[in-house]
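Notes for the one structure printed next.
The values are calculated or read from the model by the stated rules, or taken from the named source; none is laboratory data. Keep in mind it's a predicted model, so treat the numbers as computed, not measured. Neighbour counts are summed over all protein chains in view; Cβ atoms, including those assigned to glycine, are modelled from backbone coordinates with ideal geometry. Accessible surface is based on the protein model in full, side chains and every heavy atom, while ligands, DNA and RNA are left aside. Shrake-Rupley method; radii C 1.70, N 1.55, O 1.52, S 1.80 Å.
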Amino acid sequence: MKRINIITGHFGSGKTEFAINLAQKQTMYEKSVIADMDTVNPYFRTNDARKSLEEKGIKVLASDYASSNLDIPSLPSDLYSLFDVEDRFAVLDVGGDEDGATVLGRFYNKLKDADYDMYMVINARRVLSQTADEIITFMREIEVASRLKITKLVNNTNLSVETTPEVLLEGQKVVEEVSLKTGLPIAYITGTKEILDKIPDTVKAPRLCLDLNMNLPF
Amino acid sequence: MSEKVLMKGNEALAEAAIQAGCKHFFGYPITPQTEVAAYMAKQMPKRDGTFLQAESEVAAINMVYGAAGAGARVMTSSSSPGISLKQEGISYIAGADLPCVIVNIVRGGPGLGGIQPAQSDYFQATKGGGHGDYHLVVFAPSSVQELVNLTKEAFDVADIYRMPVMIMGDGMLGQMMEPVEFGAYTPREIPEKTWATTGTEMKRKHNVVNSLYITASDLEELILERQKRYDVIEEKEARFEAYKTEDAEIIVTAYGITARIAQTAVNKAREQGIKVGMIRPITLWPFPKKAFAELDTNKVKNVLCVEMSMGQMVEDVRLSLDCKIPVDFFGRTGGVVPTPDEVLTKIKALYEGR
């Protein structure tokens with residue numbers, strides 16, 4: 001695994017769940033830090049899971065104003081510690097779409113030579129990202145905004161509580177097409193345990209089992 | 001888009017509006033509804049429509065006034081403070097008998113308040129908001145799917161009755177993601193827009209869009225005519241959902257996202273053997289008075305109204321019940337969302353004291 005892991009994608013693709021679970025998984029092997037760099041979403045963001053992440057020993061970098069009523073697109077003041085202190089596995093949860101990815105541009109000089117992966121989290125049941133061509137267009141927009149290259153794909157196709165193994169498998173076909181057209185590897189196929197258990201072994205992509213953190217109050 | 005897709009409430013309502021034939025969107029960004037405008041900005045140019053970010057909410061609602069006068073399907077959206085700014089324009093549009101759709105993804109107030117979800121704009125939406133004798137039809141969806149369906153219907157209802165229709169959601173509904181499908185809606189029959197200012201081509205008398213009347217008796221006559229339309233709407237358009245009410249001794253009532261929370265509490269209470277049901281108003285104006293007035297007073301001992309406010313809809317619940325059943329209230333406000341357990345505690349206390 002690379003030390004720096006940047007998570008991008010369409011808003012609602014499941015970036016935050018993937019980012020949190022990736023940090024949780026890796027924290028079993030090494031110290032990890034997760035940065036909430038979302039300047040797009042007012043709710044349902046990494047900072048909302050701050051308490052449970054810190055209980056697991058994961059350091060959380062988030063704006064003092066994340067999850068508050070102050071409505072300004074702000075970044076954590078201690079964000080540079082990600083680059084200056086190199087002792088932790090770092091996950092950067094970036095806001096949705098090219099608008100969210102714009103914040104990465106500021107760290108271009110820090111990131112371009114760094115040891116990083118940039119993941120594109122794909123939910124092929126999201127409107128406007130349902131075909132390989134739509135997704136590739138989206139990836140290019142994110143790359144232009146961030147001035148960085150996406151290096152890995154993640155299939156997180158889901159319909160929230162109505163997800164079935166079939167939904168995830170149909171998404172896998174789309175993500176495989178994206179992989180074929182871009183030459184980028186599929187880093188993970190993701191889902192809850194009960195969904196992943198029903199995915200046949202013929203699907204070769206590594207699996208990342210998600211414990212869900214962004215829950216609704218009902 | 002026939003298969004189910006996962007969408008954020010704000011995007012879903014924007015897509016639904018486009019599918020309903022909305023050709024013009026005028027707005028100004030404000031959390032937590034900005035994705036409506038963002039989606040419109042991306043999609044409208046590709047789909048034969050206009051997206052325009054106005055210089056203010058006041059400008060946006062007056063652009064809606066203009067487009068509605070020309071007979072176009074038009075929408076604006078905002079959140080609480082922005083909707084307050086639009087009130088003058090809304091009153092003018094109501095006064096000129098023009099159809100349009102206005103979306104309020106409610107956040108905490110008063111003033112700038114906060115960006116978290118709230119329902120404290122109920123009075124503003126249902127009791128005027130702007131000046132004069134007028135009403136808006138107010139839809140209160142409680143899921144992203146219902147938000148889609150009611151957005152489509154809102155355009156039809158606006159055209160049928162020649163009046164502004166409001167979709168009242170809250171920050172939670174706007175921001176959350178749920179699976180939706182878009183095929184389900186059957187359009188209603190729409191009368192021809194003979195009043196629209198589309199150009200006479202020298203073939204008819206010109207139409208006038210106006211809310212100013214020099215003679216008091218002319219204005220009164222128009223208001224009385226409009227009131228007759230409101231009476232029809234109260235008779236035909238009031239809508240609610242009843243849930244497990246048949247044997248209920250306690251009725252919980254809530255709308256929008258709070259109804260989802262209340263429903264979870266009702267289900268938990270049922271597991272503990274408490275006979276409780278729920279009435280969920282789907283239209284806030286017209287308020288579904290009959291749903292309450294027709295409750296069996298021999299069976300129902302309490303009504304509990306749950307809102308994300310200090311108690312606004314509860315007044316309409318009390319008016320509908322006319323003191324026949326005691327009404328209690330539980331609310332969180334300022335952007336704090338009630339939990340199912342809080343509602344359950346309240347239900348249990350009422351059940352034990354019945």
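Check off (1) touching a residue at least 60 places away in the same chain (Cβ under 8 Å); (2) open to solvent by 40 Å² or more (accessible area, probe 1.4 Å) for A:Val94 and give me the number that stays unchecked.
(2)
From A:Asp117, A:Asp113, grab the single residue that is part of a loop (DSSP other than H, G, I, E, B), more than 14 Å from every other protein chain (Cβ to nearest Cβ) and out of contact with any helix residue (DSSP H, G or I) (no Cβ under 8 Å at 6 or more places or on another chain).
Working: A:Asp117 fails: part of a loop (DSSP other than H, G, I, E, B).
Just one listed residue meets the conditions, A:Asp113.
Of the residues that make up the range A:154-171, is at least one crowded, with 20+ Cβ neighbours inside 10 Å and farther than 21 Å from B:Met7 by Cβ?
no
Please indicate, with yes or no, whether at least one residue in the range B:225-232 is at positive phi, in contact (Cβ under 8 Å) with a residue 60 or more places away in the chain and either open to solvent by less than 10 Å² (accessible area, probe 1.4 Å) or among the charged types (D, E, K, R) (or both).
Residues of the range B:225-232 at positive phi: none.
No, the range B:225-232 has no match at all.
Does B:Met202 fit the bill of being open to solvent by less than 40 Å² (accessible area, probe 1.4 Å) and either basic (Lys, Arg) or away from chain A (no Cβ under 13 Å) (or both)? Break it down into steps so the answer makes sense when it comes.
Details: open to solvent by less than 40 Å² (accessible area, probe 1.4 Å): no; either basic (Lys, Arg) or away from chain A (no Cβ under 13 Å) (or both): yes.
No: the conditions fail for B:Met202.
Being more than 10 Å from chain A (Cβ to nearest Cβ) and closer than 12 Å to B:Val180 by Cβ is the filter here, so list the residues in the range B:15-32 that pass it. Don't jump to the end; show me each part of the working.
Here is the first cut: in the range B:15-32, the residues more than 10 Å from chain A (Cβ to nearest Cβ) are B:16-29.
Passing the criteria: B:Ala16, B:Gln19.
Name every residue in the range A:180-198 that is crowded, with 18+ Cβ neighbours inside 10 Å and polar (S, T, N, Q), in order of residue number.
Answer for the range A:180-198, where residues must be crowded, with 18+ Cβ neighbours inside 10 Å and polar (S, T, N, Q): just A:Thr190.
From the list A:Lys181, A:Lys204, which one is over 18 Å from the mean Cα position of the chain (by Cα), away from chain B (no Cβ under 14 Å) and at pLDDT 95 or above? Break it down stepwise before answering.
Working: A:Lys204 fails: at pLDDT 95 or above.
Every option except A:Lys181 fails the conditions.
Being surrounded by fewer than 14 Cβ atoms within 10 Å (Cβ to Cβ) and not assigned by TED's automatic domain parsing to the domain that holds B:Arg162: is that true of B:Asp247 here? Lay out the reasoning, then the answer.
Numbers: surrounded by fewer than 14 Cβ atoms within 10 Å (Cβ to Cβ): yes; not assigned by TED's automatic domain parsing to the domain that holds B:Arg162: yes.
So B:Asp247 passes the test.
Every residue, every condition in (1) farther than 22 Å from A:Met118 by Cα; (2) crowded, with 18+ Cβ neighbours inside 10 Å; (3) away from chain B (no Cβ under 12 Å); (4) at pLDDT 95 or above, yes or no:
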residue: A:Ile6; (1), (2), (3), (4): no, yes, yes, yes
residue: A:Thr16; (1), (2), (3), (4): no, yes, no, no
residue: A:Thr27; (1), (2), (3), (4): no, yes, yes, no
residue: A:Met37; (1), (2), (3), (4): no, yes, yes, no
residue: A:Arg45; (1), (2), (3), (4): no, yes, no, no
residue: A:Asp64; (1), (2), (3), (4): yes, no, yes, no
residue: A:Ser68; (1), (2), (3), (4): yes, no, no, no
residue: A:Tyr80; (1), (2), (3), (4): no, no, yes, no
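Among (1) among the β-branched types (Val, Ile, Thr); (2) more than 18 Å from the chain's Cα centre (by Cα); (3) away from chain A (no Cβ under 14 Å), there is one condition B:Val64 misses while meeting the rest; what is its number?
(2)
Which of (1) over 15 Å from B:Val337 (Cα atoms); (2) within 16 Å of the chain's Cα centre (by Cα); (3) within 14 Å of chain A (Cβ to nearest Cβ) does B:Pro110 not meet, given it meets every other one?
Only one criterion in (1) over 15 Å from B:Val337 (Cα atoms); (2) within 16 Å of the chain's Cα centre (by Cα); (3) within 14 Å of chain A (Cβ to nearest Cβ) is unmet by B:Pro110, namely (2).
Name the residues in the range A:132-142 that are within 14 Å of A:Val94 (Cβ to Cβ) and either of a type in the set (Lys, Arg) or open to solvent by less than 20 Å² (accessible area, probe 1.4 Å) (or both), would you?
Initially, the range A:132-142 is screened for residues within 14 Å of A:Val94 (Cβ to Cβ), giving A:138-139, A:141-142.
If the condition is that a residue be within 14 Å of A:Val94 (Cβ to Cβ) and either of a type in the set (Lys, Arg) or open to solvent by less than 20 Å² (accessible area, probe 1.4 Å) (or both), then A:Phe138, A:Met139, A:Ile142 are the ones that fit.
Determine whether B:Lys86 is open to solvent by 20 Å² or more (accessible area, probe 1.4 Å) and basic (Lys, Arg). Lay out the reasoning, then the answer.
On the way: open to solvent by 20 Å² or more (accessible area, probe 1.4 Å): no; basic (Lys, Arg): yes.
Against the criterion (open to solvent by 20 Å² or more (accessible area, probe 1.4 Å) and basic (Lys, Arg)), B:Lys86 does not qualify.
Could you list, in sequence order, all residues of the range B:317-349 that are farther than 28 Å from B:Gln175 by Cα and polar (S, T, N, Q)?
B:Ser320, the sole residue that qualifies.
Which numbered condition trips up A:Ile136, out of (1) part of a helix (DSSP H, G or I); (2) within 14 Å of chain B (Cβ to nearest Cβ)?
Of everything listed in (1) part of a helix (DSSP H, G or I); (2) within 14 Å of chain B (Cβ to nearest Cβ), A:Ile136 misses just condition (2).
Are there any pairs, at least 6 apart or on different chains, whose C-beta atoms fall under 9 Å, with the first in the range B:110-121 and not assigned by TED's automatic domain parsing to the domain that holds B:Met313 and the second among the aromatic types (Phe, Trp, Tyr), and if so, which?
Listed by first residue and then by second, the contacts come to B:Ile115/A:Tyr43; B:Gln116/A:Tyr43; B:Pro117/A:Tyr43; B:Gln119/B:Tyr255.
Okay, residues lined up against (1) away from chain A (no Cβ under 14 Å); (2) surrounded by fewer than 24 Cβ atoms within 10 Å (Cβ to Cβ); (3) of a type outside the set (D, E, K, R):
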site	(1), (2), (3)
B:Val180	no, no, yes
B:His206	yes, yes, yes
B:Tyr213	yes, yes, yes
B:Ile251	yes, no, yes
B:Ala254	no, no, yes
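Can you list the strands (runs of 3 or more DSSP E) found entirely within the range B:264-339 that contain at least 3 residues being open to solvent by less than 10 Å² (accessible area, probe 1.4 Å)?
Details: elements: B:276-281, B:283-285, B:302-307, B:327-331.
Answer list for the range B:264-339: B:276-281, B:302-307.
Which residues, counting only those in the range A:143-183, are assigned to a loop (DSSP other than H, G, I, E, B) and in contact (Cβ under 8 Å) with a residue 60 or more places away in the chain?
Let us first name the residues in the range A:143-183 that are assigned to a loop (DSSP other than H, G, I, E, B), namely A:147-151, A:156-158, A:160, A:162-164, A:183.
If the condition is that a residue be assigned to a loop (DSSP other than H, G, I, E, B) and in contact (Cβ under 8 Å) with a residue 60 or more places away in the chain, then A:Leu148, A:Ile150, A:Asn156, A:Asn158 are the ones that fit.
The conditions are (1) farther than 30 Å from B:Ile105 by Cα; (2) within 13 Å of chain B (Cβ to nearest Cβ), and A:Glu54 fails exactly one of them. Which is it?
Failing condition for A:Glu54: (2).
Say we look at the range B:1-43 and pick out the residues that are of a type in the set (Asp, Glu) and open to solvent by 10 Å² or more (accessible area, probe 1.4 Å); which of these is nearest to B:Gly113 (Cα to Cα)?
We begin by selecting, within the range B:1-43, every residue of a type in the set (Asp, Glu); these are B:3, B:11, B:15, B:35.
If we keep only those that are open to solvent by 10 Å² or more (accessible area, probe 1.4 Å) as well, we get B:3, B:35.
Details: B:Glu3: 39, B:Glu35: 20 Å.
In this case the residue turns out to be B:Glu35.
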